[in-house]
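Only one structure is covered here, and it is reproduced in the block below.
The values are calculated or read from the model by the stated rules, or taken from the named source; none is laboratory data. Every value quoted in this text rests on a predicted model; they were computed, and no experiment measured them. For neighbour counting, all protein chains shown are included, and Cβ atoms are generated from backbone atoms with ideal geometry for every residue, glycine included.
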Amino acid sequence: MSNKKDGLKYEKIVAKALMGYTSFEDIVTTIASGAMWFDKEDLKGKRGNQDYIIQVKGTKKDKYRLSSEDVYKVWNNAYDAGGHPYFVIVFAGKFKYQMVLLNVKYVTDKIEYVCKKSYLFKESTTLEFASVIIKYKEDLFEVTFDEVLFINK
């Protein structure tokens with residue numbers, strides 16, 4: 001299966017899982033998988049009265065490196081759209097589909113942080129993750145664990 005087909009498949013699986021197993025509602029895919037200037041990222045949805053802009057990344061490997069560019073991009077696109085940035089990493093491996101749901105928040109205070117340029121998620125150790133500060137140029141983002149879903153389909 002091609003990367004594009006895999007990506008679309010992951011988006012559909014995540015949309016269905018978020019609607020069925022979490023408090024998200026009204027999940028829709030974006031036009032052309034976020035390729036249009038006016039409709040960015042992969043999914044949009046609501047949780048309570050908050051709009052979310054969701055980026056989906058999938059892998060058939062047992063690890064995924066979340067880069068500072070990915071974090072900045074989802075935050076910036078969500079900010080432009082007036083929504084909250086959200087990241088979902090899909091591991092299509094040992095557990096069939098393990099989805100790691102992550103919140104992204106811009107860090108505004110001036111406290112010194114231990115920053116990373118990226119964070120390596122591993123399928124087997126994901127549940128141990130709490131949060132990490134990711135640095136993109138001069139901007140800092142806190143990526144925090146929300147929940148993990150195991151979908152056996």
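Annotation: of all residues in segment 52-72 being among the acidic types (Asp, Glu) and modelled with pLDDT of 90 or more, the one that is farthest from the chain's Cα centre (by Cα) is GLU69. For segment 103-121, a residue qualifies if it is at pLDDT 80 or above and more than 24 Å from ASP80 (Cα to Cα), and the qualifying residues are CYS115, LYS116, TYR119, LEU120, PHE121. Could you tell me whether segment 73-80 includes any residue that is at pLDDT below 80 and of a type outside the set (Phe, Trp, Tyr)? No, segment 73-80 has no match at all.
Condition check for ILE54 on (1) out of contact with any helix residue (DSSP H, G or I) (no Cβ under 6 Å at 6 or more places or on another chain); (2) crowded, with 19+ Cβ neighbours inside 10 Å; (3) more than 14 Å from LEU149 (Cβ to Cβ); (4) not charged (D, E, K, R): one failure, at (3).
In this structure, is LYS60 touching a residue at least 24 places away in the same chain (Cβ under 8 Å), of a type in the set (D, E, K, R), surrounded by fewer than 16 Cβ atoms within 10 Å (Cβ to Cβ) and at positive phi?
On the way: touching a residue at least 24 places away in the same chain (Cβ under 8 Å): yes; of a type in the set (D, E, K, R): yes; surrounded by fewer than 16 Cβ atoms within 10 Å (Cβ to Cβ): yes; at positive phi: no.
The answer is no for LYS60.
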